[in-house]
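All remarks here apply to the structure that follows.
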Amino acid sequence: MQFPRERLALYAVLTILFLIFVAGLVGYGITPKSIYEVLVLKPVSLIIDFFNNTYSSVQNYFISIVKGKALIIENQNLRDYISTLESRLKILLGYYYENIELKNLLGIKHNIKFNTIGCNIILYSKSGNFLVIDRGKDSNLKIDMPVVYSVDGVTSFLVGKITEVSNNTSKVTLETSPNFKVGVKNASRGGIDVASGNGNGLTVVRPSQDVSDSLSDIFVTVEESGIFPKDIVVGKVSKIKKISAVENEIELEPLIDFYTIRNVLVITSYEKN
C-alpha cells in the first residue's frame, strides 16, 4: 500500500511544479494558446508548407518537361515552315529574274534589226568557256551564228557564237574563249582592230599613236568580220599595257556574267549596211 501513496505524492509534486511553471510562463505573458501555437501549430504548418512546396516543385518540373517537348516540336515545325517558305521564295525569285531576262531579250528583239530566236541555257562550262543551248538543227541554227544578251532591253551584249550544232542543242563558244576572235572598235574613239579571247576576257593589240584609249571605254563589234552585226557591246577597257614604242595591249572585261544568265538570243540573220 506504500507504493501507491508514494506515486500519488509524486504526481502531486509534479502537478504543483507544472502549475508553478505555467504560472511563471503566464507571468511572462506566455499563454497556453501561444505555447500550443509554437509547439504544435507552427511545426505542423511548416511540415504542410514543405510538402506543398515539394509537390509544386515536382509538378512544375514535369509540366516544364512536357511544355519543353511541345516547344521543341513547335520550334522544329516553325523551322520546317520557314525552310519551305525560303525554297518557295527562291523559286519565285528565279521566275522573277527569268521574267526580267525574257523581257530584256524581247526588248532588244524589237529594237534591233536582226532576225533572232530565243534559247534557254542548259549547260555551263566555265573551264571550257562555252554554253549549251536548247535549240539546234530543229530550229535551223547554224555554226557561226552570233549569240547575244541584254540587261536593259535596249543594249545588245555579245555572248559568243555557235560552234557546234546537233539536232536539238548547240554549243556556244564564249567571247572569252582563247579560240574566239571578233572585229571591234572603241565606241567613242574609233579605230578598228581584232579582239581575241584570253580565257577571262579579251585582248586587243593596237597602235598607240592611232587612237588614245582610256580605262572604261566601251568596245563594240564591227561589221567587217562578216559574222557579227555592228555595235554589239563586247566589253570595257579594264587595263592598258604598253608593249612597244608604238603598240598598246588592251584588256577588255565582259559586262555580263555568262554563268548566271538563263536565256539568250541567237541572231539567225541581219541586214548588212
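The values are calculated or read from the model by the stated rules, or taken from the named source; none is laboratory data. All values reported here derive from a predicted model rather than from experimental measurement. Quick reminder, even Gly has a Cβ in these numbers, built from the backbone with ideal geometry, and neighbours come from all protein chains shown.
Annotations
- Given (1) farther than 22 Å from GLY128 by Cα; (2) free of Cβ contacts under 8 Å to residues at least 60 places away in the same chain; (3) among the small types (Gly, Ala, Ser), index of the condition ALA195 fails: (1)
- Unmet criterion (only one of (1) surrounded by fewer than 20 Cβ atoms within 10 Å (Cβ to Cβ); (2) touching a strand residue (DSSP E or B) at 6+ places or on another chain (Cβ under 7 Å); (3) modelled with pLDDT of 90 or more) for ILE117: (3)
- Subset of the range 219-252 (residues that are closer than 18 Å to PHE180 by Cβ and free of Cβ contacts under 8 Å to residues at least 12 places away in the same chain): GLY226
- Residue ranges of strands (runs of 3 or more DSSP E) in the range 188-264 with at least 1 members farther than 29 Å from ILE117 by Cβ and among the small types (Gly, Ala, Ser): 190-197, 233-242
- Selection within the range 257-272 - aliphatic (A, V, I, L, M) and farther than 17 Å from VAL182 by Cα: ILE261, VAL264, LEU265
- Residue match in the range 253-272 (condition: surrounded by 13 or more Cβ atoms within 10 Å (Cβ to Cβ), in contact (Cβ under 8 Å) with a residue 24 or more places away in the chain and of a type in the set (Gly, Ala, Ser)): no
- Test: residue in the range 211-233 that is over 13 Å from VAL266 (Cα atoms), of a type in the set (Ser, Thr, Tyr), over 29 Å from the mean Cα position of the chain (by Cα) and surrounded by 15 or more Cβ atoms within 10 Å (Cβ to Cβ): yes
- Of the residues examined, ILE162 is one that is in a strand (DSSP E or B) and modelled with pLDDT of 95 or more.
- Of the criteria (1) surrounded by 16 or more Cβ atoms within 10 Å (Cβ to Cβ); (2) within 18 Å of ILE267 (Cβ to Cβ), which one LYS137 fails: (1)
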